[in-house]
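Everything on this sheet refers to the single structure shown next.
The values are calculated or read from the model by the stated rules, or taken from the named source; none is laboratory data. Bear in mind that the values here come from a model prediction, so they are computed numbers and not experimental data. Because the Cβ atoms are built from the backbone with ideal geometry, glycine has one as well, and the counts that use them run over all protein chains shown.
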Amino acid sequence: MNSPSPSPSTRRRNRRSTPPTTASRQTPRTQNPSSLEPPFRALIQNITADQNGRPPLCIISDVFMGWANAVAESFGTVNVTFTTGGAYGTAAYVSLWQHLPTAAVQQIFVNPP
């Protein structure tokens with residue numbers, strides 16, 4: 001005997017009422033990006049082997065994959081990094097890293113006693 005299927009609104013309500021567990025939310029995208037380095041290194045090694053020892057012309061990576069530069073250098077190629085943020089956010093990010101406060105700058109600003 002077939003039981004009647006729940007209505008679409010009941011299915012939506014049931015889906016919302018069950019929060020996902022931590023294990024189900026943990027996908028490769030939420031893991032540490034450096035855990036992707038070994039498989040990426042193996043991929044570049046396979047590509048180099050398939051091309052008779054010639055590495056790729058360049059490796060294009062996202063700004064959050066900082067280890068890609070080390071991988072590129074180890075294969076004798078270059079890494080080109082891009083950012084997926086907007087222009088203002090990227091400019092602020094670059095400016096902060098290029099102008100990090102140093103000990104000399106911190107001595108200029110003295111807190112009153």
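Tabulated values for the structure
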| item | result |
| --- | --- |
| Cβ pairs under 6 Å, 6+ apart, first in region 52-72 and under 13 Å from Thr84 (Cα atoms) and touching a residue at least 24 places away in the same chain (Cβ under 8 Å), second assigned to a helix (DSSP H, G or I) and of a type in the set (A, V, I, L, M) | none |
| Within region 61-77, tally of residues that are surrounded by 14 or more Cβ atoms within 10 Å (Cβ to Cβ) and outside any helix (DSSP H, G or I) | 7 |
| Test: residue in region 38-59 that is at pLDDT 80 or above and touching a strand residue (DSSP E or B) at 6+ places or on another chain (Cβ under 6 Å) | yes |
